[in-house]
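So the structure is just underneath, and the comments pick up after that.
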Amino acid sequence: MGVTVRRQQRDGAWYVHVVHRGERAAQKCKDQAEAEAFAAALRGAILLGTFDIAELRARSEPATPSPTVEDFYRTIRPLWEGSLASKTFTKYDGDFRNHILPDLGATPLDKLTRDRVKDFVVTLRQKPARKRAATEARRAKEPERKLARDSVRNVIAALRAALNEAVERGLLRENPALRLGKLYKEAGQIHDEVDPFTAEEVKRLLAATLEHFGRANYVVMLTALHTGLRSGEIAGLEWSDVDFANRLLIVRGQWQDGRRVRTKTRKRRQVDISDVLLAELQALKKRRQEEYLKRGKSEIPAPVFLSPGLIIWDDGKPVGRCEGKPLDMDNWRNRVYWKACDRAGVRRRRLHDTRHTFASILLMNGESPAYVRDQMGHSSIKVTVDVYGHFIPGANRAAVNKLPSLGALKAKTTTAGE
């Protein structure tokens, strides 16, 4: 229960908003003084038990016409852009542009019923999923699939967040997008295609990187293949995150949109460092310290992997580079990674497939899914098993062999008459 006084931004008018026993109403007033007085009278009536929200609705002047879903989204979009995490805003904005506005954009908010939202969920479940293959030829062979359950859930989450804001502003009495899980829990689940390098391809890729792109880029490639870090986590890695004594990387954040933010799961994790990678990181730090001492600098930049830096121009001539920034992994992918694949004679994969390579090789070498989950930073072991379970050698066979039995029985020799 509550009575609040608000000034509407669109027309500057003052409104008294009432929430009483799960129902909402609003009354337009000519100025703030009238709104405050009316609100006080309503609070008194509620305390005395004489308040009737139906009567208030009947006498209330109609507020401004209910905006459409599209108009309302345009209103809250700047708020979201400034307040949400960059990745969350990008996801919500994409869901609105690609799914919500084409179907619900012209619907006035006050006409957006729960049945209408349920119909929208059913429509989402029938939409074809975007094909994920890397090339046109492979996409042509890829079977048609419907939107995955997680995709449907994410679209509804974006819609639900917007409608929560509409409820807060008094434009809706209740959110029609709440508690819709039963409608999409049976939708199909689609994971990104897992396409790891083989152990032999890893060796060729590392050798090609070292030979053609130098030691510094070799260490970046080795880190990607030996730790399974996401590309943003590699870029966000700082020297304070490297525990040389305990042979660990402490993954505290990732580099995203020009700043260091929390990891995807919003949790820090510890990743074991191989002996080879440990030696390379120690050598890289030593080389960088020596390089900066020659320049008269006693401290090195915090990022482990540095961008080559933008060229600094003076009077039309290059005079240096802007250094000290974390490595731009998109640029590194185009400038080094894919070219190294070509030099190594291996098929190009996404940079994210170095992460899949790390997990799949660990599992094929007999490491437990629980260990791989911890190294990868998955939110649960279910994610690890769902994505990489088929890389566990003999997993299904081992499971059925654990069923209770009498063991292997000797063949019985039959005699005549039996």
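Here is how the numbers come out for the structure above:
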read-out: Failed item, numbered, when His99 is tested on (1) in a helix (DSSP H, G or I); (2) without any contact (Cβ under 8 Å) to a residue 40 or more places away in the chain; (3) in contact with a helix residue (DSSP H, G or I) (Cβ under 9 Å, 6 or more places away or on another chain); value: (2)
read-out: Test result for Asp257, under 22 Å from Asp330 (Cα atoms) and either exposed (fewer than 13 other Cβ atoms within 10 Å of the Cβ) or in contact with a His (Cβ under 6 Å, 6 or more places away or on another chain) (or both); value: yes
read-out: Residue that is nearest to the chain's Cα centre (by Cα) [pool: residues in segment 253-273 that are at pLDDT 90 or above and not aliphatic (A, V, I, L, M)]; value: Arg269
read-out: Residue match in segment 183-197 (condition: surrounded by fewer than 20 Cβ atoms within 10 Å (Cβ to Cβ), under 30 Å from Trp332 (Cβ atoms) and modelled with pLDDT of 75 or more); value: yes
read-out: Odd one out for Val219, checked against (1) farther than 20 Å from His378 by Cα; (2) touching a residue at least 24 places away in the same chain (Cβ under 8 Å); (3) surrounded by fewer than 18 Cβ atoms within 10 Å (Cβ to Cβ); value: (3)
read-out: So Leu222, is it over 13 Å from Pro303 (Cα atoms), of a type in the set (A, V, I, L, M, F, W, C) and over 17 Å from the mean Cα position of the chain (by Cα); value: yes
read-out: Looking only at segment 343-382, and only at residues there that are under 18 Å from Val271 (Cα atoms) and among the β-branched types (Val, Ile, Thr), the one that is farthest from the chain's Cα centre (by Cα); value: Ile361
read-out: Test: residue in segment 158-180 that is assigned to a helix (DSSP H, G or I) and either at pLDDT 95 or above or within 18 Å of Leu362 (Cβ to Cβ) (or both); value: no
read-out: Segment 214-230, subset among the small types (Gly, Ala, Ser) and part of a helix (DSSP H, G or I), residue nearest to Arg269 (Cα to Cα); value: Ala224
read-out: Residues located in segment 234-261, provided they are part of a loop (DSSP other than H, G, I, E, B), on the phi < 0 side of the Ramachandran plot and in contact (Cβ under 8 Å) with a residue 60 or more places away in the chain; value: Gly236, Leu237
read-out: Test: residue in segment 125-140 that is assigned by TED's automatic domain parsing to the domain that holds Leu180, modelled with pLDDT of 85 or more, surrounded by 12 or more Cβ atoms within 10 Å (Cβ to Cβ) and assigned to a helix (DSSP H, G or I); value: no
read-out: Odd one out for Val276 among (1) within 21 Å of Thr357 (Cα to Cα); (2) modelled with pLDDT under 90; (3) surrounded by fewer than 18 Cβ atoms within 10 Å (Cβ to Cβ); value: (2)
read-out: Residues satisfying the stated conditions in segment 74-113, i.e. at pLDDT below 90 and of a type in the set (Asp, Glu); value: Glu81, Asp110
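The values are calculated or read from the model by the stated rules, or taken from the named source; none is laboratory data. Just so we're clear, the structure is a prediction, and the values are computed from it rather than from any experiment. Note that each Cβ is placed from the backbone with ideal geometry, even for glycine, and that neighbours are counted across all protein chains shown.
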